[in-house]
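In what follows, a single structure is set out as structure tokens and then discussed.
The values are calculated or read from the model by the stated rules, or taken from the named source; none is laboratory data. Because the structure is predicted, anything quoted here is derived from the model rather than measured. So basically every Cβ, Gly included, is an ideal-geometry build from the backbone, and we count neighbours across all protein chains shown. The protein model used for the area step is the full one, side chains on, heavy atoms only, and it has no ligands, DNA or RNA in it. Shrake-Rupley method; radii C 1.70, N 1.55, O 1.52, S 1.80 Å.
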Amino acid sequence: MSVPRSSVTTASSADRQGRAPLVVIEARPGWKGFGLLELWRSRELLYFLVWRDVKVRYKQTVLGVAWAVLQPVLTMILFTFVFGRLGGMGRLVQVPYPVFAYSGILLWGFFAAAAGQSSTSLVVSSHLISKVYFPRLIIPVAAVGSALPDLVVSSVLMFGLLLGFGLPLPARALLFPVFVGTAILSAIGVGTLLSALTVAYRDFRYVTGYLIQTWIFLSPVAYPLDAIPGRFRLLYSLNPMVGPIAGCRASLLGETFPWVPIAVSTTSSIVLLLMALAYFRSVERRFADIV
């Protein structure tokens with residue numbers, strides 16, 4: 001971090017006199033203003049905050065990490081009955097509908113949990129923000145990272161379902177981590193933006209829950225992407241979660257990759273992330289006063 005020349009001189013004098021060095025924290029414009037380098041330098045703190053969030057989530061729970069299995073499985077059963085049988089979606093897919101539904105729930109469940117936790121992370125951590133300086137961006141990013149262990153457990157179950165239903169695991173499954181990465185970018189973008197908005201406008205705590213509940217029906221979780229009419233598909237693909245879900249499904253179930261919707265959705269995720277980082281950095285200096 002650059003500091004004024006006078007500050008550097010003061011710091012050197014302080015070191016010679018045995019006092020703590022002076023560090024001047026300044027806002028930096030442009031791409032450096034996103035604070036990504038500062039975030040990397042504080043990666044050890046990021047690790048401990050992720051570990052803290054994971055422990056707090058399962059503290060004093062009876063089933064513990066088993067919730068990472070029960071939640072997607074129960075959702076899969078519900079979707080199979082409501083959408084697969086009653087809604088007739090089972091006739092639109094080439095694989096058993098439970099596997100199809102779970103392949104969509106896999107990344108959606110991660111995104112919903114990560115974005116929801118990240119949106120309130122700054123308010124929950126107000127005691128830290130108001131007492132000590134550290135890169136504020138760490139807090140919403142750590143909330144997203146704390147949802148990754150559940151995703152790992154759910155992914156293992158996904159491969160178990162493939163084996164249980166006798167479906168082959170294609171070589172293209174090696175692309176699965178790529179779509180996990182785009183889902184992480186989407187979660188960080190949405191979570192970071194909502195966390196900053198929640199600090200300033202506490203109404204967003206209620207908006208977030210409704211937004212995520214609605215968003216699942218605007219994403220190809222319970223239905224295939226082909227169910228969207230072709231003339232609306234590009235507009236639909238602006239949804240940042242269309243690409244990760246469609247790509248995950250194609251890589252694991254052997255479907256054809258819808259590269260155009262994936263590209264549009266990925267671009268939307270990146271733009272959303274950059275906008276979220278820019279807004280977050282522009283308002284974070286007020287967090288300690290209003291959180």
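A few notes on this one:
- In region 70-78 there is no residue matching the filter, namely being modelled with pLDDT under 90, surrounded by fewer than 20 Cβ atoms within 10 Å (Cβ to Cβ), farther than 23 Å from residue 241 by Cβ and not charged (D, E, K, R).
- Listed conditions (1) open to solvent by 40 Å² or more (accessible area, probe 1.4 Å); (2) on the phi < 0 side of the Ramachandran plot; (3) over 19 Å from the mean Cα position of the chain (by Cα) are all met by residue 162, apart from (1).
- The residue of region 200-221 that is farthest from residue 115 (Cα to Cα), among those that are in contact with a helix residue (DSSP H, G or I) (Cβ under 9 Å, 6 or more places away or on another chain) and aromatic (Phe, Trp, Tyr), is 201.
- Against the numbered list (1) open to solvent by 60 Å² or more (accessible area, probe 1.4 Å); (2) touching a residue at least 24 places away in the same chain (Cβ under 8 Å); (3) farther than 28 Å from residue 171 by Cα; (4) of a type outside the set (Val, Ile, Thr), residue 282 comes up short only at (2).
- Evaluating residue 191 against the criteria (1) open to solvent by less than 50 Å² (accessible area, probe 1.4 Å); (2) of a type outside the set (Ser, Thr, Tyr); (3) more than 30 Å from residue 275 (Cβ to Cβ); (4) part of a helix (DSSP H, G or I) leaves one unmet condition, (3).
- Hey, residue 199 at pLDDT below 90, part of a helix (DSSP H, G or I) and open to solvent by less than 10 Å² (accessible area, probe 1.4 Å) or not: yes
- Tally of residues being of a type in the set (S, T, N, Q) and touching a residue at least 12 places away in the same chain (Cβ under 8 Å) across region 197-224: 3
- One residue from 90, 145, 64, 116 being at pLDDT below 90 and either over 18 Å from residue 225 (Cα atoms) or in contact with a Cys (Cβ under 6 Å, 6 or more places away or on another chain) (or both): 64
- Check on residue 287, in contact with a Lys or Arg (Cβ under 9 Å, 6 or more places away or on another chain) and either of a type in the set (Val, Ile, Thr) or surrounded by fewer than 19 Cβ atoms within 10 Å (Cβ to Cβ) (or both): no
- The residues of region 225-235 that are within 25 Å of residue 96 (Cα to Cα) and in contact (Cβ under 8 Å) with a residue 12 or more places away in the chain, listed by number, are 225, 226, 227, 233.
- Test: residue 183 is assigned to a helix (DSSP H, G or I), within 14 Å of the chain's Cα centre (by Cα), buried (at least 18 other Cβ atoms within 10 Å of the Cβ) and not β-branched (Val, Ile, Thr): yes
- Taking the listed residues 234, 238, 274, the one that is outside any helix (DSSP H, G or I) and more than 17 Å from residue 110 (Cα to Cα) is 238, with no other qualifying.
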